[in-house]
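Written below as structure tokens is the structure these notes are about.
The values are calculated or read from the model by the stated rules, or taken from the named source; none is laboratory data. Everything numeric here is computed off the predicted structure, so don't read it as measured data. Backbone-built Cβ (ideal geometry, glycine too); neighbour counts: all protein chains shown.
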2 protein chains.
Amino acid sequence: MIITLALDAMGGDAGPEMVVSGANAALQDAHGVSLRFLFFGQESVVQEELRKFPKLKAISSVIHSDIIITNQTKPAAAVRSGRKSNLGMAIDAVEKGEAHAVISAGNTGAYMALSKVILKMLSGINRPAIPAILPTFNGKTVVLDLGANVDCTPENLVEFALMGEAFARQLLKIDRPSVGLLNVGSEELKGNATVQAAAHFLRELSDFNFQGFVEGDDITAGKTDVVVTDGFSGNIALKAIEGTVHLIRHFLKESLSSSLRGKIGYAIAKPAFKELQKRSDPRLYNGAVFLGLKGIAVKSHGGTDAVGFANAIKVAISMVQQNFIKNIEERVALLTSQADS
Amino acid sequence: MIITLALDAMGGDAGPEMVVSGANAALQDAHGVSLRFLFFGQESVVQEELRKFPKLKAISSVIHSDIIITNQTKPAAAVRSGRKSNLGMAIDAVEKGEAHAVISAGNTGAYMALSKVILKMLSGINRPAIPAILPTFNGKTVVLDLGANVDCTPENLVEFALMGEAFARQLLKIDRPSVGLLNVGSEELKGNATVQAAAHFLRELSDFNFQGFVEGDDITAGKTDVVVTDGFSGNIALKAIEGTVHLIRHFLKESLSSSLRGKIGYAIAKPAFKELQKRSDPRLYNGAVFLGLKGIAVKSHGGTDAVGFANAIKVAISMVQQNFIKNIEERVALLTSQADS
């Protein structure tokens, strides 16, 4: 099987150069998987970048569009330009069956709005959510939403919980993933009316491993397999975690380089530091899918580099291989039928 | 000058044992400062703890109350019991001038509600906020609100910005502290209606160093001296940061102890690791004041130990020495008079 990926060639802070070299990095790492890339953007610019990587060029097509979705494009304007913009065309390739998945590091709001319109939503789900997989003390935790929805109703949070559970089952291979609702305290009385109402509903679900409220530090502690929150708090929490990883590494480097003993110790223990770097690298967790759509649409971090973008591509490949959409759809259908009854 | 501190003897997950040994640790560290402690709680229990520390006992009084504010007490019930509860009596000691500051590791909601009623608010401020001081790449950043207010209006956020600026001037000794509003992106169009409206207002203020929106990772990056957010997102962000510090330390320990080279390197570089531990210890930043009150009320983390509680006491002492309330009051009065005109 050849896996065909539709790429938004113009998205991300570093643009086509990053996207093309990211695709090249993913190609070099794709041991035994046959890949094809469709680049959607300004043809001349993309072709020039592709010239640097002959092997990648040989398996790639460039589809030109004069309408480019940028970070300044408002979601409503993106939806109006529809399938004519570079991003709309990339998403449409998935809808038409010409590509297995679409990947973009561009404008999140426009990407989500277009994906909703073109790919459509799963039955019972009203808004897509972006999950992230974060490292914890004892494994990994799925956190959602990471920024797709800044204003959430209790119903939205319940949908995120159902999708997050299905996602954790599929991706972390856990039978009955535990689910927590992010709040300012774990006591039942804490928080605002939205989380109170969502928790009330989730407590009533049978065959659903709801553990009540969790707090910000429970994310990295791995208290539950899934942590549900609105896109405002979720985005802030994820970025605060990323920023803290950078800060502690910086402190570690400063502490070790400020004395001879530190420098010698570092030189001897270098492999251990490399391992730490790898385990705590937020770029390795880059590549978030829009959960709730009838097709695979992966969002890469806007500020990512080629390594991060390659990882987003790998996430998409793995989802195609796992028959991701079908599995999520079945589980969500089961949970929503329960929720409705 | 003798500094008299009113302590909620019963607050915090670890209760009187932690509070009393925290006070003892603060006393041992109080070089040249004359201290007196008033413990408010169950007299017999507190006296028993005090017996362990004769020097502390000699400078302490225990004031008994039959009504104890616990984590289960709702704020409204706390306000009803008023000056009769142990926490209400402790706060009242500040209002009456019998103590210079009150410190509690107990129920945040009850503590804030009682403080508001007993100590009263500064002119122009409607709700108190809890700021935290976090380490960054280039110094320290003040973040508020950390959980006192889970639902915020644009007006609340504007008040937090003014108080945060005054607090940073006072505590970080910065002339024109830069202020950022926490959001899911730094572009002007991002975020919900509340942050949009607050930003619009803050942009209009003259003689106020407002830098627009900042993101979660800008907190530890130290992009602005003050980061303003609602208590829901702020509490989650702070705890996520704390949790990440613990996780990275855990990863570091695991990586270093999993090989001989790692162990040797650690042994040699040990002083550097001690320094790292000290710089990134969230307990050193424990002790948040309720900003906006006409008296000094310091909130210690509920899950703290004696070291953390001693730090909260030190924060209170330093605020008394700096004539904190008078300075904040003057700056907030100046800023609010501008905001009103």
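Which numbered condition in (1) crowded, with 17+ Cβ neighbours inside 10 Å; (2) more than 19 Å from residue B:317 (Cα to Cα) is the only one that residue B:13 fails?
Just one mismatch for residue B:13, condition (1).
On the given criteria, is residue A:265 touching a strand residue (DSSP E or B) at 6+ places or on another chain (Cβ under 8 Å) and at the interface with chain B (Cβ under 9 Å from one of its Cβ atoms)?
On the way: touching a strand residue (DSSP E or B) at 6+ places or on another chain (Cβ under 8 Å): no; at the interface with chain B (Cβ under 9 Å from one of its Cβ atoms): yes.
No; evaluated as a whole, the condition is false for this residue.
For residue A:225, state whether it is surrounded by 22 or more Cβ atoms within 10 Å (Cβ to Cβ), farther than 19 Å from residue B:184 by Cα and facing chain B (nearest Cβ under 10 Å). Walk me through how you get there before you give the answer.
On the way: surrounded by 22 or more Cβ atoms within 10 Å (Cβ to Cβ): yes; farther than 19 Å from residue B:184 by Cα: yes; facing chain B (nearest Cβ under 10 Å): no.
Considered against the rule, which asks whether it is surrounded by 22 or more Cβ atoms within 10 Å (Cβ to Cβ), farther than 19 Å from residue B:184 by Cα and facing chain B (nearest Cβ under 10 Å), residue A:225 comes out as no.
Criterion first (surrounded by 20 or more Cβ atoms within 10 Å (Cβ to Cβ), more than 19 Å from residue B:249 (Cβ to Cβ) and more than 10 Å from chain B (Cβ to nearest Cβ)) does residue A:291 satisfy it?
Answer is yes for this residue.
Residue under question is residue B:302, and the condition is that it be in contact with a Gly (Cβ under 9 Å, 6 or more places away or on another chain) and under 19 Å from residue B:104 (Cβ atoms); does it hold? Explain how you work it out, then say what you get.
Values: in contact with a Gly (Cβ under 9 Å, 6 or more places away or on another chain): yes; under 19 Å from residue B:104 (Cβ atoms): yes.
Answer is yes for this residue.
From the list B:41, B:88, B:97, B:12, pick out the single residue that is within 29 Å of residue B:121 (Cβ to Cβ), more than 21 Å from the chain's Cα centre (by Cα) and in contact (Cβ under 8 Å) with a residue 24 or more places away in the chain.
B:41
Condition test on residue A:254, is it closer than 25 Å to residue B:143 by Cβ, more than 8 Å from chain B (Cβ to nearest Cβ) and assigned to a helix (DSSP H, G or I)? Can you show your working first?
On the way: closer than 25 Å to residue B:143 by Cβ: yes; more than 8 Å from chain B (Cβ to nearest Cβ): yes; assigned to a helix (DSSP H, G or I): yes.
Spelling it out, residue A:254 is indeed closer than 25 Å to residue B:143 by Cβ, more than 8 Å from chain B (Cβ to nearest Cβ) and assigned to a helix (DSSP H, G or I).
Out of curiosity, is residue B:162 in contact (Cβ under 8 Å) with a residue 12 or more places away in the chain and under 28 Å from residue A:196 (Cβ atoms)? Give the steps one after another, and end with the answer.
On the way: in contact (Cβ under 8 Å) with a residue 12 or more places away in the chain: yes; under 28 Å from residue A:196 (Cβ atoms): no.
Criteria not met by residue B:162.
So, in segment B:59-90, exactly how many residues are touching an Asp or Glu at 6+ places or on another chain (Cβ under 9 Å) and more than 16 Å from residue B:46 (Cα to Cα)?
Here the count works out to 5.
Can you find, within segment A:102-133, the residue that is nearest to the other protein chains (Cβ to nearest Cβ) among those that are in contact (Cβ under 8 Å) with a residue 60 or more places away in the chain and farther than 26 Å from residue A:336 by Cα?
Here the residue is A:108.
For the structure I just gave you, tell me whether residue B:203 is facing chain A (nearest Cβ under 7 Å) and either more than 28 Å from residue A:253 (Cα to Cα) or over 26 Å from the mean Cα position of the chain (by Cα) (or both).
no
Could you go through segment B:273-288 and let me know if any residue there is assigned to a strand (DSSP E or B), under 23 Å from the mean Cα position of the chain (by Cα), of a type outside the set (Asp, Glu) and at pLDDT below 90.
Looking for residues that are assigned to a strand (DSSP E or B), under 23 Å from the mean Cα position of the chain (by Cα), of a type outside the set (Asp, Glu) and at pLDDT below 90, one finds at least one in segment B:273-288, hence yes.
Could you identify the single residue in B:236, B:313, B:248, B:241 that is more than 7 Å from chain A (Cβ to nearest Cβ), of a type in the set (A, V, I, L, M) and within 30 Å of residue B:160 (Cβ to Cβ)?
Selected residue: B:313, the only one of B:236, B:313, B:248, B:241 that is more than 7 Å from chain A (Cβ to nearest Cβ), of a type in the set (A, V, I, L, M) and within 30 Å of residue B:160 (Cβ to Cβ).
Within segment A:43-153, considering only strands (runs of 3 or more DSSP E) that don't extend past its boundaries, which have at least 1 residues that are surrounded by 17 or more Cβ atoms within 10 Å (Cβ to Cβ) and assigned by TED's automatic domain parsing to the domain that holds residue A:242?
Passing ranges, in order: A:131-136, A:139-144.
Could you list, in sequence order, all residues of segment A:49-76 that are in contact (Cβ under 8 Å) with a residue 12 or more places away in the chain and among the small types (Gly, Ala, Ser)?
Hits for segment A:49-76 are A:60, A:61, A:65, A:76.
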